[in-house]
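Below you'll find the structure, written out as C-alpha cells, and then a few comments.
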Amino acid sequence: MTLIKHNRKPAFPSIFDDFFMRDLFHDDFVTRAKGTSPAVNIVEHDDAFGLAFAAPGLKKEDFKIELENETLVVSAEVSTEEETKGKFARKEFNYGSFERRFKLPKSADMQEIGATYEDGILNISIPKREEAKVQAPRQISIA
C-alpha cells in the first residue's frame, strides 16, 4: 500500500470545495478574515530609496505616513462597511487597516521624504544624504 500526503492547498481549488467543504478554522480563512498588509517593493538607487505599496481600492486620505526617530511608519485606517444585500457565495475583497514599519539607514535624508498615490500604488521616495550618494569615479592627477 502506498501512502500519499494530502495536499490541503491544491493548485486549482474546485468550486465544489468552495461551497461544500469549507473548513472555517483553516489557516487561509483566518488570514483572509484578519486582513493583510499590502505587498511592498523596496528598491535602492544611487541617489534614493523607493518603496512601492500595492494598495488598490484605498484613497490617498486613508494613508498616514510618519517618521518616528529613524523609523518610517506607513499605515492605513479603512472602515469596512458590511454588505447587507444578498448572501455571498465567496467574498475575497478585504480592505483592512494595516501598519508597516521600516528602519531607515543612516544614509537616508529624513527631511526630504515624499510620497505619491496613483493607480492603487503608494510610492514613497527617500533621498539619500548628499555625502551618501554614489559619486562618479574621477581621475586624480599625480603632482
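Give, in nm to one decimal, the length gained when the segment between Leu104 and Val73 is fully stretched (0.36 nm per residue of separation minus the Cα-Cα distance).
That pair, Leu104 and Val73, stretches by 10.1 nm at full extension.
Please list 3J(HN,Hα) in residue order for region 106-117, calculated via the Karplus relation 6.51 cos²θ - 1.76 cosθ + 1.60 where θ = phi - 60°; whole Hz, with x for glycine and proline.
Each residue's phi maps through the Karplus curve to give 4, 6, 6, 8, 6, 8, 10, 5, x, 8, 9, 10 Hz.
Give me a comma-separated list of calculated 3J(HN,Hα) values for region 57-66, in order, Karplus coefficients 6.51, -1.76, 1.60 applied at θ = phi - 60°, integers in Hz, x for any Gly or Pro.
x, 9, 10, 3, 5, 6, 8, 9, 10, 10
Bear in mind that the values in this text are calculations on the coordinates, not laboratory data. Note that the structure is predicted; figures quoted are calculated from it, not measured.
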